[in-house]
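Trainee: The structure follows.
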Amino acid sequence: MSSSNFRFLSNESEHVLAFISSSKGLKAKVFDHGQMQITQENDGKILTVNPFEISEVLRRIDNDSNEFLQLNFINGTKVLLTSELIGFKPIPPGGLDLNKLPKVVTTPDLNSVADAIEDCVAGDSGESELEILIKVYLAILLGAERIGFNVSEQRLFLHRITSSRLRASA
């Protein structure tokens, strides 16, 4: 990232880059045309951000007194940047009780729910528990896609699980 890139960035983008440079688990790359790639080191997920689509950057403090940034985009989406993770709102599919979901999720949550799904499939858990877990997984997946994460591998996992359920019930 060269200093010449900064002339193409908005003031909001500069706040984002400063926050990321002091974070433990996020890295940023700025391209000559101003786009930023934010990499989440936890799972290698990359979020590409057009700085001119950011409408507002808010500095916030969580309940544990840790600072995070809230990025509000022109299209109405919101992204939270913590020291280590990129957070976003899940998009619940029909039939899922919103109380089953946290207000903010991260892509590592997909791995946790995938593990629970696999445990459920391998164990004696009821069909309703598996159905709820699949819907929770889908809600996180849809939220990740909406903000721009590539979750094609996670979508394949979901397809594999739902396909095997259909074969087993036939």
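The values are calculated or read from the model by the stated rules, or taken from the named source; none is laboratory data. Because the structure is a prediction, the values reported are computed rather than measured. Ideal geometry is used to build each Cβ from the backbone, glycine not excepted, and the neighbour counts take in all protein chains shown.
Trainee: Of the conditions (1) under 30 Å from Glu56 (Cβ atoms); (2) in a helix (DSSP H, G or I), Lys103 clears all except one; give me its number.
Mentor: Condition (2) is where Lys103 drops out.
Trainee: Now for a different question. Taking the range 23-80, which residues are over 23 Å from Leu142 (Cβ atoms), touching a strand residue (DSSP E or B) at 6+ places or on another chain (Cβ under 7 Å) and part of a loop (DSSP other than H, G, I, E, B)?
Mentor: Gly25, Gln35, Glu41, Asp62
Trainee: Shifting gears a bit: Looking for whichever is within 26 Å of Ser23 (Cα to Cα), in contact with a His (Cβ under 9 Å, 6 or more places away or on another chain) and surrounded by 14 or more Cβ atoms within 10 Å (Cβ to Cβ) here; the options are Leu69, Leu81, Leu141, Leu85. Which one fits?
Mentor: Leu69
Trainee: Further, regarding this structure: Under 7 Å between Cβ atoms, which residue pairs at least 6 apart in sequence (or on different chains) link something in the range 146-170 that is polar (S, T, N, Q) with a partner that is assigned to a helix (DSSP H, G or I) and at pLDDT 90 or above?
Mentor: Listed by first residue and then by second, the contacts come to Gln154/Leu110; Gln154/Leu141; Thr162/Ile134.
Trainee: Another one. Please state which one of Ala139, Ala168 is assigned to a helix (DSSP H, G or I), of a type in the set (Gly, Ala, Ser) and at pLDDT 95 or above.
Mentor: Within the list Ala139, Ala168, the selection yields Ala139.
Trainee: Here is a list of conditions, (1) small (Gly, Ala, Ser); (2) part of a helix (DSSP H, G or I); (3) at pLDDT 95 or above, and Ser83 meets all of them except one; can you say which number that is?
Mentor: For Ser83, the exception is condition (2).
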